[in-house]
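Read the structure below first, then the notes.
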Amino acid sequence: MRELALHILDLAENSTRAGASLVEIEIDESRRDDRLLVSIRDNGRGFESGLKLDDAFFSSKEGKRFGLGIPLLRQAAEACEGSLRVESSPGMGTTVEAEFRLSHIDLMPMGNLGATLSALVCGSPEAEFVLRRRRGADEYVFDTRRLRDELEGMPLNVPQVLQYIKENVNEGASRRNGR
């Protein structure tokens, strides 16, 4: 994967496959601390400790022989002097946090967060997604629960709404200092 947004998409899709009704994505960029933190937290099934998360040839998903998401994200984080942490509890959900040195030459570009959120909503229209992107003191939040309230029952996975999500997230997540 060549963009962080694709790692986010992969992990968030895993969350919905694990029965999550809420997936929270946080991206915290701190130039002062030279750190980028990407966190995906869900309320899905979770899993027992001891799973072989770093084994690319193991997957907990039935019928799937490969589990590349976590190993690839760990490799990307460690290549940028960062780390990856996974916490999960059966019945309580899972949190994946990847930390990167922001100024590292090998840090992947963020990629298209709008397309990522749009694809997530399209693929799992019943789930709720929250994206928080912080850059220093600036924060952008996209929350499908608020969008559902505004749309008064219109499905989120219709083309016009998906296009709105893509454009709104791309504009809001790239904005700095309220501009």
Requested in this report: Please work out how much length the chain gains when fully extended from R32 to E126, using 0.36 nm per residue of separation minus the C-alpha to C-alpha distance, in nm with one decimal.
Outcome: 30.0 nm
Requested in this report: Please work out the C-alpha center-to-center distance from the stretch 89-108 to the stretch 116-137 and express it in whole Å.
Outcome: 16 Å
Report task. Multiply the residue gap between F47 and E150 by 0.36 nm, knock off their C-alpha separation, and tell me the result in nm, one decimal place. Result -> 33.6 nm
**Report entry** Candidates L22, L162, L147, ranked by Gaussian network fluctuation over the chain, Cα under 10 Å, top entry
**Finding:** L147
Query - Residue-normalised accessible area of the chain, given per residue in Å² at a 1.4 Å probe - result: 55 Å²
Query raised in the report: In the chain, what percent of the accessible surface is made up of carbon and sulfur (1.4 Å probe, ligands and nucleic acids excluded)?
Result: 48 percent
Report task. Show me 2-12, 85-95 ranked by packing, highest mean number of other Cβ atoms within 10 Å first. Result -> 2-12, 85-95
Report summary line: Residues meeting the amide H criterion for L102 (H placed from the backbone, H to H distance under 5 Å, 5 or more places apart or on another chain) are R35, L36
Report task. Please list, in chain and number order, the residues 5+ apart from S89 or on another chain whose amide H is under 5 Å from its amide H, with Hs placed from the backbone. Result -> F47
Report summary line: Listed residues V141, V130, V23; largest mean-square fluctuation, Gaussian network over the chain with Cα springs below 10 Å, found at V141
Query - Approximate spin-label separation R134-M92, in nm, with each point projected 7 Å along Cα-to-Cβ - result: 2.2 nm
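The values are calculated or read from the model by the stated rules, or taken from the named source; none is laboratory data. Since we're looking at a predicted model, the values are computed, not measured. For neighbour counting, all protein chains shown are included, and Cβ atoms are generated from backbone atoms with ideal geometry for every residue, glycine included. Areas reflect the complete protein model, heavy atoms only, side chains present, ligands, DNA and RNA absent. Shrake-Rupley method; radii C 1.70, N 1.55, O 1.52, S 1.80 Å.
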